[in-house]
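The values are calculated or read from the model by the stated rules, or taken from the named source; none is laboratory data. None of the values given here were measured: they were computed from a predicted structure. Backbone-built Cβ (ideal geometry, glycine too); neighbour counts: all protein chains shown.
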Amino acid sequence: MEIFEKIWKGEPVEQCHYIEPEISYTESCGCPFLIPVDYRAVARRNIIENEKRRLFEEKRVGLESRLSSARDFEEIFRDAGEYFKQLECDGITLVVYSDDAVKSGEYENFDSYWERKENEPNNDVWMFMPFHYRDRSIGFSILKNGKFLYDNPYFYDIQSLLNRVIWEMYQRRCYIEANRKLDFLYKRDALTGTYNRMAYFELAETISRNCRILNQDCVVAFFDCDNFKTINDEQGHDKGDEILRKIGAILSDTCSRKGGAFRFGGDEFVVLYPLEDDETADKIINRVNKRFDDEGIQVSIGTCIMAADTSNKQKSLQDYLNMADQAMYENKRKKRMLHGSV
């Protein structure tokens, strides 16, 4: 009031004028304290609480950084568990419903879990928070004795963070699985289940290169079903499809993981057989022929050996495929001479 009075009277006023503050502490209802207040203790407590909040926020930001770079669900839950170990709580449990494939960690039957909890002393405080993915709930978290919530009520921020990173990881897995299925459909023959011709041009060179690196010989085999047109004409295309499926299954079963069986077109198949230590081309072909004989299927086969030694490095995979193709047609020609038609 003194300043306003001087201004009113036109008297000079100092540019800076300091007023002694008076702090009045009251209850939350507005009533004054009835006991003396240690103002220094209050200020000290406020400073300590602010520092705790700052450290809490730093840990939360650090958790977000680690979770964002997590590569799988196991890493997400491990980092989250390590984070909660630093807080004033006795533990946290993350529960995901079993009908969703988004779970990690040790599994415990739901009924046995609650039976065990009921037998524990009833002096614990449990807080349940649901996990939501868009418009559906897929689980919940259980926080045990979260003492840190009294001073830092930011658990919802952590819960939201877990929601987000788990959802993003789930979406990534869905995309990876979808791409895997698309890649499977792109490279597989729908009728026989073998690789298709498109996959041959992508995978055959890799198989050939691996054999050369491992100094491993590889059998290149060309298969052609005998009298296939006659079977289709006289017994129907369903019978023809059945035979092709059986051929594809036999070739896939007899081929090692290092090799590959490919439907090259129509009733023609190509197989690459990397030879193991005790295997020979004759053993493999005899094993395949026995399977064909058991199924009553007649197939003409042509083979050649793609050797791993340096003398054949000038030959390409296509050269070996052509050699196997010519050998197959030579066998078919011999059958025609013996049986009249093949």
(request) Could you figure out which of (1) buried (at least 16 other Cβ atoms within 10 Å of the Cβ); (2) modelled with pLDDT under 85 isn't true of Thr192? (result) (2)
(request) Please find, among Tyr186, Tyr170, the residue that is hydroxyl-bearing (Ser, Thr, Tyr) and in the same structural domain as Phe77 (by TED's automatic domain parsing). (result) Tyr170
(message) touching a Leu at 6+ places or on another chain (Cβ under 8 Å) and aromatic (Phe, Trp, Tyr): is that true of Phe184 in this structure?
(response) no
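Across segment 203-230, which residue is surrounded by the most Cβ atoms within 10 Å (Cβ to Cβ) among those that are in a loop (DSSP other than H, G, I, E, B) and of a type outside the set (A, V, I, L, M)?
Start the filter on segment 203-230 by keeping residues that are in a loop (DSSP other than H, G, I, E, B), which leaves 214-217, 226-227.
From what is left, the residues that are of a type outside the set (A, V, I, L, M) are 215-217, 226-227.
Details: Asn215: 10, Gln216: 16, Asp217: 20, Asp226: 18, Asn227: 15.
Per the criteria, the residue is Asp217.
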(message) Please go through segment 21-48 and give me each residue that is at pLDDT 75 or above and part of a loop (DSSP other than H, G, I, E, B), ordered by number.
(response) Asp38
(message) Suppose we filter segment 97-131 for residues that are over 22 Å from Asn163 (Cβ atoms), assigned to a loop (DSSP other than H, G, I, E, B), hydrophobic (A, V, I, L, M, F, W, C) and at pLDDT below 80; how many remain?
(response) 0
(request) Check off (1) modelled with pLDDT of 90 or more; (2) surrounded by 14 or more Cβ atoms within 10 Å (Cβ to Cβ); (3) under 41 Å from the mean Cα position of the chain (by Cα); (4) not charged (D, E, K, R) for Asn286 and give me the number that stays unchecked. (result) (2)
(request) Would you check which residues across segment 59-83 are closer than 18 Å to Tyr156 by Cβ and either of a type outside the set (Val, Ile, Thr) or in contact with a strand residue (DSSP E or B) (Cβ under 6 Å, 6 or more places away or on another chain) (or both) and list them? (result) Lys59, Arg60, Leu63, Glu64, Leu67, Ala80, Tyr83
(request) Test Ile305 against the criterion of being surrounded by fewer than 18 Cβ atoms within 10 Å (Cβ to Cβ) and either among the acidic types (Asp, Glu) or not in a helix (DSSP H, G or I) (or both), and give yes or no. (result) yes
(request) Mind listing whichever residues of segment 137-168 are modelled with pLDDT of 75 or more and either among the acidic types (Asp, Glu) or not in a helix (DSSP H, G or I) (or both)? (result) Ser137, Gly139, Phe140, Ser141, Ile142, Leu143, Lys144, Asn145, Gly146, Asp157, Glu168
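Looking for whichever is closer than 21 Å to Phe131 by Cβ and modelled with pLDDT of 85 or more here; the options are Glu75, Glu51. Which one fits?
Glu75
Just a yes or no: is a residue in segment 293-301 of a type outside the set (A, V, I, L, M), closer than 26 Å to His339 by Cα, touching a Lys or Arg at 6+ places or on another chain (Cβ under 6 Å) and assigned to a helix (DSSP H, G or I)? First the steps, then the outcome.
If we filter segment 293-301 for residues that are of a type outside the set (A, V, I, L, M), which is where we start, we get 293-296, 298, 300.
Filter once more, so that each one left must be closer than 26 Å to His339 by Cα: 293-296, 298, 300.
Checking which are touching a Lys or Arg at 6+ places or on another chain (Cβ under 6 Å) leaves us with 295, 300.
Now restrict to residues that are assigned to a helix (DSSP H, G or I): 295.
Yes, some residue in segment 293-301 is of a type outside the set (A, V, I, L, M), closer than 26 Å to His339 by Cα, touching a Lys or Arg at 6+ places or on another chain (Cβ under 6 Å) and assigned to a helix (DSSP H, G or I).
Rundown of residues vs (1) among the β-branched types (Val, Ile, Thr); (2) touching a residue at least 40 places away in the same chain (Cβ under 8 Å); (3) closer than 21 Å to Tyr320 by Cβ, yes/no style:
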| site | (1), (2), (3) |
| --- | --- |
| Leu191 | no, yes, no |
| Glu205 | no, yes, yes |
| Phe222 | no, yes, yes |
| Asp226 | no, yes, no |
| Val271 | yes, yes, yes |
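Take segment 69-83 and flag every residue that is surrounded by 13 or more Cβ atoms within 10 Å (Cβ to Cβ) and either among the acidic types (Asp, Glu) or closer than 17 Å to Arg164 by Cβ (or both). Let's see the steps before the verdict.
So in segment 69-83, the residues surrounded by 13 or more Cβ atoms within 10 Å (Cβ to Cβ) come out as 70, 73, 75-81, 83.
Passing the criteria: Ala70, Phe73, Glu75, Ile76, Phe77, Asp79, Ala80, Tyr83.
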(request) Identify all residues within segment 169-202 that are farther than 30 Å from Glu64 by Cα, part of a helix (DSSP H, G or I) and not charged (D, E, K, R); write none if there are none. (result) Leu182, Phe184, Leu185, Tyr186, Met198, Ala199, Tyr200, Phe201
(message) Within segment 264-279, does at least one residue satisfy the condition of being over 17 Å from Asp224 (Cα atoms), of a type outside the set (Gly, Ala, Ser) and assigned to a helix (DSSP H, G or I)?
(response) no
(message) The conditions are (1) surrounded by 11 or more Cβ atoms within 10 Å (Cβ to Cβ); (2) modelled with pLDDT of 85 or more, and Leu94 fails exactly one of them. Which is it?
(response) (2)
(message) I'd like the residue in segment 133-177 that is touching a residue at least 24 places away in the same chain (Cβ under 8 Å) and β-branched (Val, Ile, Thr) and, out of all such residues, is surrounded by the most Cβ atoms within 10 Å (Cβ to Cβ).
(response) Ile166
